[in-house]
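The values are calculated or read from the model by the stated rules, or taken from the named source; none is laboratory data. All values derive from a computational prediction rather than experimental measurement. Please note: Cβ atoms are built from the backbone with ideal geometry, for glycine as well, and neighbour counts cover all protein chains shown. Quick note on the areas: whole protein, heavy atoms, side chains included, nothing else; ligands and nucleic acids left out. Shrake-Rupley method; radii C 1.70, N 1.55, O 1.52, S 1.80 Å.
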Amino acid sequence: MVDKILTVCPYCGSGCNLNLIVEEGKVVGAEPANGRTNEGTLCLKGHYGWDFLNDPKILTARLRQPMIRKEGELREASWEEAIRYTADRLLAIKEKYGPDAIMGTGSARGPGNEANYVMQKFMRAAVGTNNIDHCARVCHGPSVAGLSYSLGDGAMSNSIPEIEDADLLLIFGYNAPVTHPIVAGRIVKAKQKGATIIVCDPRKTESARLADTWLPLKGGTNMALVNAFGHVLIEEQLYDKDFVAKHVEGLSEYIENVRSYTPENAEGITGVKAADIRKAMRQYAGSKKAMILYGMGVCQFSQAVDVVKGLASIALLTGNFGRPSVGIGPVRGQNNVQGSCDMGALPNVYPGYQPVTDAKARAKFEKAWGVKLPDKTGYHLTEIPHLVLKEDKVKAYYIFGEDPVQSDPNAAEVRETLDKMEFVVVQDIFMNKTALHADVILPATSWGEHDGVYSSADRGFQRIRKAVEPPKGTKPDWQIICEVATAMGYPMSYKSTEEIWDEMRGLCPKFAGASYKKMEEQGSVQWPCLTEDHPGTPYLYEGNRFSTPNGKGRLFACEWRAPLEQPDRDYPLTLSTVREVGHYSVRTMTGNCRALSQLSDEPGFIQISPEDARQYGIEDGHLLKVISRRGKITARAQVSERVKAGATYMTYHFWIGACNELTVDVLDPISKTPEFKYCAIRLERIHDQQQAELQIREQYESLRQQMLAGAGAHE
């Protein structure tokens, strides 16, 4: 018998609907469904990214039994033993050092919004700390901070389907064909309908190839270019004076801050021709419906929050809000990173973006959860290495659905951090590099094996559904967390994800009307959705009232700051992390799909310019050493005309060519987001390619055996 189960794709934030095809209890395929954002289309990962559910053990193996480290080795344990052990260790650390010695994460991947709600409630109510954060910290944290300041909401102002009806798209540091292929389809449709496409990116990406105007700025000069945009709008009187007078504040200070950023001065910093800067802003200001889309090329710098505010200011100056097909779009990378933020898996806000420092909000949650709650903002995820290694403040880490050893900067420091901690819990579906450092491993069910809700990048709540039975020995994330909380003396129990959801929306005015029933009827509900009879909100700020305290948008500009680690004689090139279309995040899911794993494999590539390849004697496809002040790895050269001399690019999906062994842990001062897009490296040619290929195979097999030994060995 064949069944078709409607659900939402677990890759990227596009929120595409698909049907999982299930035959005799096993997923055998996927087909596109008519979702709000994808309208019957799917990308490569949507079509073929379900296979990890069948546990083919290509890369690593599904976790199927709790494990506890005893005498230095991870050994299988019963659920009763693992829950009791976890609770006792956390209670002992809480009693000895206080609740703030414990850190926890949410998960922006498969678990869903309900599990994230339960996790943040566990940390706040059962442990007693606001030390809860998740991978938004290493990606769109600057969007949450910057857009909340400028507009009042840290999310896309408009919807993904509206993209194709814009007259102009200003795309900044964002390569949709690789990261969000379905969004890229909307961009192509916009161009086919006559829209002007302007792309700001150092590389000639797929997006840049679509552009009418490509502004190839130097890496790390975003703020200078955005300031120059503002300068042109002011100098040439291109801004909407009536809109600004009525709905925006901060104009005088803004004018002063962008005064020196003439296009000619900016050309000297960014390398973008002054005439092109003027042309781009004349086109942007002259369009009736102009939309800004941006991605990691904005957010993963140490001046990211400033740039987000600067981009929002461009839209504010031109009155591009409160209507369809305008506004600003931070297009979220992981499938549920918007949802994890919505659910309060952040150190400064409860679910629904209600500040933990707001006494009224805190009192509401204290009454609902029946416990006194902490009143200060918790630690950020990226601060943990410093807090452990330098200040000795954090002793335990509950890592839920994340792999920081692979995904966070300066991997050697992350490993040292985990090894110094007294207690590390990893709750996940696959064995991974982080789990190798765990004291307890708790195996969870996967996407496709449980129910729940995801939030798409454009604020759309959608149901995910169970299609197959999970492996014996696993439990839903929310159930595991509830059992640990109960064992710690704070009883938590729910009959279903809908019961969790209803508790959450009862505490969050923005989400109050987004019931399971409404999601079933409409397919998607975009927040704000204030009441049961409210349909949701496709675009924000109708009537030009922003969500800031006084209802006005806030302009912002400031001085450009260069990235901290500059190339020098010893490390003459720059490295930026990027993505590739066939793999996702830390690759434990896509690397375990038979079709996707064929697209690319270890050790991963480093893109370099033909000029640099000639200088270092490197040929396309050759293995080479890549070295920074933090580490050394081996990667395969990909010589590309799309890359400027002096710059290199790597994806973070691979174990051996793990670019985060090289990246620098410099943080944005506000969002604490790392500067993944800029650090100094050098390249070294490998003369014996045959020996290097052999070493790669041996290193890969050794890592795979470590992963397999830690999971599924009981089968």
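If packing is taken as the mean number of other Cβ atoms within 10 Å per residue, what is the order of 682-691, 497-506, 55-64, highest first? Walk me through the intermediate numbers first.
Working: 682-691: 13.4, 497-506: 19.2, 55-64: 21.0.
For the peptides 682-691, 497-506, 55-64, the packing ranking is 55-64, 497-506, 682-691.
Relative to one another, the C-alpha centroids of the stretch 547-586 and the stretch 76-104 are positioned 37 Å apart. Around the amide H of Asp240, modelled in the peptide plane, lie the amide H atoms of Thr318, Gly319, all under 5 Å away and 5 or more residues distant in sequence or on another chain. Most tightly packed first, judged by the mean number of other beta-carbon atoms within 10 Å of their residues, the peptides 537-545, 166-174, 201-209 read 166-174, 201-209, 537-545.
Taking the Cα centre of the chain as origin, sum charge times position over the Cβ atoms of Lys and Arg (+1) and Asp and Glu (-1), and report the length of that vector in debye to the nearest 20. Let's see the in-between values first.
Working: 83 positive and 89 negative charges, 174 e Å.
Computed about the Cα centre, the dipole is about 840 debye.
How much net charge surrounds Val664 when only the other residues with a Cβ under 11 Å from the Cβ of Val664 are counted, with Lys and Arg +1 and Asp and Glu -1? Don't skip to the end; give the middle numbers.
Details: positive: Arg629, Arg630, Lys677; negative: Glu413, Glu565, Asp665, Glu675.
Net local charge, Val664 excluded: -1.
Close amide-amide hydrogen proximity is noted between Phe605 and Arg636, Thr651, each under 5 Å apart and 5 or more residues distant or on a separate chain (H modeled in the peptide plane; Pro and chain starts excluded). Using the Karplus relation 6.51 cos²θ - 1.76 cosθ + 1.60 with θ = phi - 60°, the per-residue 3J(HN,Hα) values for the stretch 662-674 come to 9, 5, 9, 9, 6, 10, 4, x, 9, 7, 6, 8, x Hz, with x marking Gly and Pro.
For the stretch 140-331, which whole percent of the accessible surface, found with a 1.4 angstrom probe, sits on carbon and sulfur atoms? Display every interim value, and only then the final one.
Working: 2730 of 5560 Å².
Carbon-and-sulfur percentage of accessible area, whole number: 49.
Distant-in-sequence amide contacts of Ile681, defined by a placed amide H-H separation under 5 Å and a gap of 5 or more residues or a different chain, comprise Leu573, Thr574, Leu575.
DSSP loop (so not H, G, I, E, B), at most 14 other Cβ within 10 Å: list which GluC sites (Glu not before Pro) in the stretch 570-649 pass both filters. Let's see the in-between values first.
Values: sites: Glu580, Glu611, Glu619, Glu641; in loops: Glu580, Glu619, Glu641.
Within the stretch 570-649, the qualifying GluC sites (Glu not before Pro) (loop, at most 14 other Cβ atoms within 10 Å) are Glu619, Glu641.
Treating r as the C-beta distance of Gln699 and Asn550 and R0 as 51 Å, the FRET efficiency rounds to 0.30. Between Arg69 and Ala363, the contour length at 0.36 nm per residue exceeds the alpha carbon distance by 101.9 nm.
In order along the stretch 150-167, the phi-based Karplus estimate (6.51 cos²θ - 1.76 cosθ + 1.60, θ = phi - 60°) of 3J(HN,Hα) comes to 6, 10, x, 9, x, 7, 4, 6, 10, 9, 4, x, 6, 4, 6, 9, 6, 7 Hz; Gly and Pro are listed as x. Shown in residue order for the stretch 42-53 are the 3J(HN,Hα) couplings computed by the Karplus curve 6.51 cos²θ - 1.76 cosθ + 1.60 at θ = phi - 60°: 9, 8, 4, 5, x, 6, 10, x, 8, 5, 4, 4 Hz (x for Gly and Pro). Given Gly591, Thr262, Ser671, which one lies farthest toward the positive end of the charge dipole of the chain, if we put +1 on the Cβ of every Lys and Arg and -1 on the Cβ of every Asp and Glu? Highest projection toward the positive end goes to Thr262.
With each label modelled as a point 7 angstrom along the Cα→C-beta vector, the Glu264-Asp570 pair spans 4.1 nm. Highest mean packing first, where packing is the average number of other Cβ atoms within 10 Å per residue, the peptides 226-239, 140-153 line up as 140-153, 226-239. Normalising the average separation of contacting C-alpha pairs (under 8 angstrom, six or more residues apart) by the number of residues puts the relative contact order of the stretch 573-711 at 31 percent.
Structure note, pairs Lys204/Lys289; Lys367/Lys420; Lys433/Lys517; Lys309/Lys677; Lys246/Lys288: Cα-Cα distances above 28 angstrom occur for Lys367/Lys420; Lys433/Lys517.
Note on the chain: helix-only mean residue ellipticity at 222 nm, from DSSP H runs of 4+ residues weighted -39500 (n - 2.57) and normalised by residue number, equals -9000 deg cm²/dmol. Were the residues from Thr377 through Trp79 laid out at 0.36 nm apart, the gain over their Cα-Cα distance would be 104.0 nm.
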